[in-house]
1. Tell me the residue from GLU99, GLU87, GLU112 that is in contact with a Lys or Arg (Cβ under 7 Å, 6 or more places away or on another chain) and either surrounded by 12 or more Cβ atoms within 10 Å (Cβ to Cβ) or free of Cβ contacts under 8 Å to residues at least 24 places away in the same chain (or both), please.
2. Inside segment 332-356, can you point out the residues that are over 18 Å from the mean Cα position of the chain (by Cα) and open to solvent by 50 Å² or more (accessible area, probe 1.4 Å)?
3. Looking only at segment 32-49, how many residues end up being within 36 Å of the chain's Cα centre (by Cα), closer than 14 Å to SER107 by Cα and either at pLDDT below 70 or among the β-branched types (Val, Ile, Thr) (or both)?
4. Looking at GLU287, GLU351, GLU374 in this structure, which one is part of a helix (DSSP H, G or I), among the charged types (D, E, K, R) and without any contact (Cβ under 8 Å) to a residue 24 or more places away in the chain?
5. For segment 418-438, how many residues meet the condition of being modelled with pLDDT under 95 and open to solvent by 40 Å² or more (accessible area, probe 1.4 Å)?
6. Would you confirm, using the coordinates I've provided, whether GLU409 is touching a residue at least 12 places away in the same chain (Cβ under 8 Å) and closer than 30 Å to ALA323 by Cβ?
7. Please verify whether MET379 is at pLDDT 95 or above, part of a loop (DSSP other than H, G, I, E, B) and either closer than 22 Å to SER273 by Cα or aliphatic (A, V, I, L, M) (or both), treating the condition exactly as stated.
8. Kindly check whether there is at least one residue in segment 305-322 that is surrounded by fewer than 16 Cβ atoms within 10 Å (Cβ to Cβ), in a helix (DSSP H, G or I), over 17 Å from the mean Cα position of the chain (by Cα) and of a type in the set (Asp, Glu).
Amino acid sequence: TGNFLVVPSDVGFDMEDLTISRSATVAETTEALSGCHWFTEAALFAEAVTHDSSLRALTFAEAFTLKGEDLARTLMNSPDCTALFCEYGKDLLAKIAMEKSKETWSSAKAEELSRTCLQQNSYFQEVHPDPKTVLHNVHLFKDVVYLQAWATARASGMAEMKKIFNDRFWTLQRKGKSLLFSRGDSNAKSAAANSSEDLQLDAEVQQEEEYVDHTSTVSPEQSYKRAKEQLQDKKVKVSEVASSLSDSIPELMQKRGTHDVFGQAVEREKSESCCISLMALLVGSYEDYTAPQPPQARLSENQWRQLQELVQWTQPTVSMIRAALVLLAIRALGKSKRILQQLPPNYHRPETAVIFLMRTYPDVVPSVKALDEEELELMSEALEVHKDFNLAQMLQGENVPASVFQLQEVIKRLGTEIFRFYILFLLGFMSGLAGGQGSRFMTARNAGSVIAGMTTLLHILDSSPQAIYWSYIELRARQLNIPCGSPEDMALVRLAC
C-alpha cells in the first residue's frame, strides 16, 4: 500500500537523491503507482532473473516480499496447488520471454501477463469456469450479427471471389447452412429468431441457393480447373482470397471465431497459414506460398517442384481438399486447455479431442456441418494416424524404425486413400508451423528435411520400416554434407537432424 516509484534499471536512478541521469525526466522514465501491485514475479519460478527496475516509496507505505523457497515450502503439502503453480509459472515465463523483447515492456504489462496466465490456468478455470467457453454455450451462429456481416461482404464485392471458388475452397454459412462446401445440408439448424432481419437474410439465402443450383451442372473437377486457371492467370490471387478466409471458415474469425473464444490467437494464425499455404500448393502459386519468407532464405525453385510432385502424388479430389482445409483450421483446438478440461479423460490428446468435438459439439466447429460422411471419415482417420505417428520427431531423428512400423501398420489397416489424404494434410500442416500469409516456415533450409522425410514415407507400403527410416537419415546426411558410411556416422547424422 502507499505510493511508489518504479524506475527501470537502465536510466541511472540514484536511490539517495532521487535524481535521474542520462538527461531523462522522472515522468519519461518511471511509473508512479499506488494501491496493490506486484513486481518481478518471474523470480519465484526461475533460478535467476535480470534486475530490470527499482522500487522506491514516495510516501509512508508497506511492501511485502516473497522468496521462491518460501513459496515452495508453502506448496509442498498440497499436490493440487503445486500443480496449479507449476502450470502457471511455466506459462508466465514463456509469455514473459516473448513479450520482454518488445519496447512496450513495463510493470503494468507484467501484471497483465500474470492475470492472463491465471485466467488460462486449467485448475483456475475448473473452479471459475468462463460461461463463454463452456462447450454447450459455444454457437458461432447463435445471433444474426455474423450473418449480417456476410451481406456487407457481398456489398463490398467479395461475392464474386467466393463464386470462383465455390466448389473447391469455400464455405458460406447462412442460418447454419453450408452453401458452397456442400449443396444440401438438410440437418443444419436455424440459429436466428424470426424478425425483419431474418426475412431479409432468408431472401439472401434463397438467392445464394438459386445461384448454386444454377451452377450445379458444372462438375467439381471442372469448377476446380476453372478456379486454378483464374489463379494462374492472376485474375485472382491466393493472397486476395486469403483475406476473406476467416469469413468462409468461421473457426478462423479474428473476433468471435472458435480460436478467439478459447484464447488461441497464435494457433489461429498458424491454422490460417496452413490453409493459405495448402491453397497455394494446390494451384501452383510459388509467389503466394513464399510471400512471408526473406529473400535470402526463400524456398528454391527446385524444392518447389518437389513439393508440387508430392501434391500430385496425393491425387487431391474435391472431398480431400475440403476435408483438409477444415482439418487444418480446427486441428489446433485440440490443444486448448479450456476445451480439454471439459472432455472425458480418454479424449485429452489433441487428436482425440478434435474427433470428440466433431462428433459431440459440432456448433463449436461448425465447418464440419458442411462436410459429408466421406469427408468426416477422412478427417477422423487422418487424426488417428497423426496420433500414432509424429513426423516432426522423424525429421529431427528422434524416433526409430519402430515408429515407422507403427505408421505402416495403421496405413495397412486404413488404406492408401487415407495415406494420400494424410500426406496432403501434412503438406499444409508443416507449411503453417510458423504462421504468415503463406508459409513462413518452409524456407530452403527447413524444406530440405520435410521433402526428404515425406519422399521416403511414400514407400511406406512397399519397403521395410528400417529401409525407410535409414534412407531418410542418409538423405539428410547428403544434404548436410556429413559422412554416413558407418554406424557411428549414422548416429552423428541423427544428432545433426
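The values are calculated or read from the model by the stated rules, or taken from the named source; none is laboratory data. Just so it is clear, the structure is predicted and the values come from calculations on it, not from any experiment. Positions of Cβ are backbone-derived with ideal geometry, glycine not excepted, and every protein chain shown enters the neighbour counts. In case anyone asks, the SASA skips ligands and DNA or RNA and just uses the protein heavy atoms, side chains included. Shrake-Rupley method; radii C 1.70, N 1.55, O 1.52, S 1.80 Å.
1. Working: GLU87 fails: in contact with a Lys or Arg (Cβ under 7 Å, 6 or more places away or on another chain); GLU112 fails: in contact with a Lys or Arg (Cβ under 7 Å, 6 or more places away or on another chain).
It is GLU99.
2. Selection gives GLN341, GLN342, PRO345, ASN346, TYR347.
3. 1
4. Working: GLU351 fails: without any contact (Cβ under 8 Å) to a residue 24 or more places away in the chain; GLU374 fails: without any contact (Cβ under 8 Å) to a residue 24 or more places away in the chain.
Selected residue: GLU287, the only one of GLU287, GLU351, GLU374 that is part of a helix (DSSP H, G or I), among the charged types (D, E, K, R) and without any contact (Cβ under 8 Å) to a residue 24 or more places away in the chain.
5. 3
6. On the way: touching a residue at least 12 places away in the same chain (Cβ under 8 Å): no; closer than 30 Å to ALA323 by Cβ: yes.
Answer is no for this residue.
7. So MET379 does not fit the description; no.
8. There is at least one residue in segment 305-322 that is surrounded by fewer than 16 Cβ atoms within 10 Å (Cβ to Cβ), in a helix (DSSP H, G or I), over 17 Å from the mean Cα position of the chain (by Cα) and of a type in the set (Asp, Glu).
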